[in-house]
Amino acid sequence: MQVLTDFVLRHPASIAEAAELLAGPGARALAGGTDLIANMRHGLERPKMLVDLSAIAEMGALRWAGAGVTIGANVTIACLARDTRIIGELPAVAQAARSIAGPGHRSAATVGGNLCLDTRCVYYNQSEAWRRSNGYCLKRMGDVCHVAPQGKHCHAAYSGDLAPALLSLDAEVEIAMPRSTRRAPLAELYRDDGARHLNLERGEFVTAVHLPAPLPGTRMAYRKSRARGAIDFPLAGVAVALAASAGRIEFLRVALTGTNTRPLLVDGTREFSGQMIGGALLEKLGKLVQNQVSPMRTTVTASNYRRQVASALAQRLVKELGLAT
Amino acid sequence: MKRILSLLLNGRRREDAVADDMLLIDYLRELTGLTGTKRGCDGGECGACTVLLDGEPVLACLTLAVRCEARRVETIESLGESGRMNRLQQAFHEKLGTQCGYCTQGMIMAGEALLRRNPNPSETEIREALSGNLCRCTGYVKIIESVQAAAGKAP
Ligand SMILES: Cc1cc2nc3c(=O)[nH]c(=O)nc-3n(C[C@H](O)[C@H](O)[C@H](O)COP(=O)(O)OP(=O)(O)OC[C@H]3O[C@@H](n4cnc5c(N)ncnc54)[C@H](O)[C@@H]3O)c2cc1C
Ligand code: SF4
Ligand code: FES
Ligand code: FES
């Protein structure tokens, strides 16, 4: 493994100071480092300056306002997974947090880092020597995409587990920039480009996530498929939030990860309101999911399997949650 | 750039001049000579380098040493007392939870973090706590039995 390249490490104490530092050339936010340091050690990133966000106290809190909650970007994944109120009131968020990497990652990893983690591809997350012998690729230092050689688009998959759970619950993110902050729906943090998947300008970074109180009667869950039972990114991950009574959907939201260059809130689930949960509805839902995912050959697992599994997980969760008594 | 890192390492205060880009695993193995912490994959995938930071398991190969400023770091070397193994080490020894031994220190540190938080874990809880640690030898069964044997005993 490569040793780290020389960088300057800064520890700002406030959001404003961090934004100023991050506006500088070659600066990069460092949260838990479980994605960034690993990528730096693979030679995938060579930042000139690391801006360690961990000393910014105001980003470290979990604050409830009624049944809604603001989760600071520095809150660790371990804290989120263990928080009794999150487990009780927002179980999909706790399930997603618990499924991230392993315990040794989760105690360092943060909510902000998880939302912003880099996209992944089997031709990219490899050692320097491996990539060099393969002529590198579009995402870094090369000019061909080995996944779709005819195109000029990187299809590396967004594989964070928290984003779908948060998307299905209408999360918003708080984004700091030099001298101000803005708030945007979580979906707008992402763009459809595996080589540059975040809508963040230089100097901008995520400071918190806001979750509104879930609508009355909401049931929710997150489930992922992965090659092994732990320390593994999702081949496909699905979050479902719904309300149902007497077997009939009141509202339904489905969000996905691992299948596209960004996490996806499935479009068109509004049509299911008022419908009975049964074979016909599940079949329609399965098709809807299959039409919107676009898994590419970015993992050693076949893309069609990931497409099928995304659809099957969505159907299963809707059935389980919708028909639970 | 180097700065003075001041931390509590295995119960003792230490100060060292440490470069910003030095990883905790290199600080431990190269600078302090504590080679009990093993370098397995060296990339965050295997758990062999697990140490405790303020009582929580972390991966020394993904942690910058200077981030341990004013914090408490514990390695496998801190567990025994007066040359005697602690309950968990003894259990790994007796229940044959260790074969080649390469993963063992990481398993024990992850298990130690669990037993301090939860002295009587269920098998599922043990499996979950050790789920970030890979072993190429034992098949895991003996490792889980070792943690079970140590559970409920005084440290
Ligand atoms: C073996 C292994 C298995 C893993 N398995 C999973 C998994 O199953 N699921 C999963 O989701 N992840 C997984 N991960 C990735 C990673 O551990 C998690 O995503 C983690 O939550 C990242 O958070 P962090 O705080 O460590 O981020 P960091 O590594 O510190 O940062 C990640 C990226 O986000 C940027 N960033 C950090 N904070 C902010 C911010 N506030 N605003 C803007 N940008 C920011 C950084 O610049 C960097 O590019 C795995 C990693 C490893 C090594
Ligand atoms: S999708 Fe193509 S360009 Fe993107 S990382 Fe993979 S091989 Fe590289
Ligand atoms: S050596 Fe750190 S996780 Fe493998
Ligand atoms: S005992 Fe050999 S790797 Fe676990």
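Nothing in this text is a laboratory measurement; each read-out follows from the coordinates by a stated rule. Just so it is clear, the model here is predicted, and its values are computed rather than measured. For neighbour counting, all protein chains shown are included, and Cβ atoms are generated from backbone atoms with ideal geometry for every residue, glycine included.
Some notes on this structure:
- The residues of the stretch A:227-253 that are outside any loop (DSSP other than H, G, I, E, B) and acidic (D, E) amount to a single one, A:E250.
- Residue match in the stretch A:278-295 (condition: surrounded by fewer than 22 Cβ atoms within 10 Å (Cβ to Cβ), out of contact with any helix residue (DSSP H, G or I) (no Cβ under 7 Å at 6 or more places or on another chain), touching a residue at least 12 places away in the same chain (Cβ under 8 Å) and closer than 26 Å to A:Y123 by Cβ): yes
- Among (1) over 15 Å from the mean Cα position of the chain (by Cα); (2) within 16 Å of ligand 4 (Cβ to nearest atom); (3) under 28 Å from B:L23 (Cα atoms) - the single one B:M109 does not satisfy: (1)
- Once the stretch A:133-155 is narrowed to residues that are assigned to a loop (DSSP other than H, G, I, E, B) and basic (K, R), the residue that is surrounded by the fewest Cβ atoms within 10 Å (Cβ to Cβ) is A:K152.
- Residue in the stretch B:57-70 that is without any contact (Cβ under 8 Å) to a residue 60 or more places away in the chain, away from ligand 1 (no atom under 16 Å from the Cβ) and of a type in the set (D, E, K, R) present: no
- If the condition is being touching a Leu at 6+ places or on another chain (Cβ under 7 Å) and under 26 Å from A:Y136 (Cα atoms), then the stretch A:91-114 contributes only A:N114.
- Just one of the listed residues (A:R248, A:R306) is charged (D, E, K, R) and surrounded by 22 or more Cβ atoms within 10 Å (Cβ to Cβ), namely A:R306.
- When residues of the stretch B:20-35 are limited to those that are crowded, with 18+ Cβ neighbours inside 10 Å and aliphatic (A, V, I, L, M), the one farthest from the other protein chains (Cβ to nearest Cβ): B:L34
- Those residues of the stretch A:4-29 which are aliphatic (A, V, I, L, M) and within 8 Å of chain B (Cβ to nearest Cβ), in sequence order: A:L4, A:V8, A:L9
- Wholly enclosed strands (runs of 3 or more DSSP E) of the stretch A:20-109 bearing at least 1 residues buried (at least 22 other Cβ atoms within 10 Å of the Cβ) and touching a strand residue (DSSP E or B) at 6+ places or on another chain (Cβ under 8 Å): A:27-30, A:49-52, A:68-72
- Remark: A:T269 falls outside the filter, which requires a residue to be under 30 Å from A:A73 (Cβ atoms) and touching a residue at least 24 places away in the same chain (Cβ under 8 Å).
- Odd one out for B:K38 among (1) in contact (Cβ under 8 Å) with a residue 60 or more places away in the chain; (2) facing chain A (nearest Cβ under 9 Å): (2)
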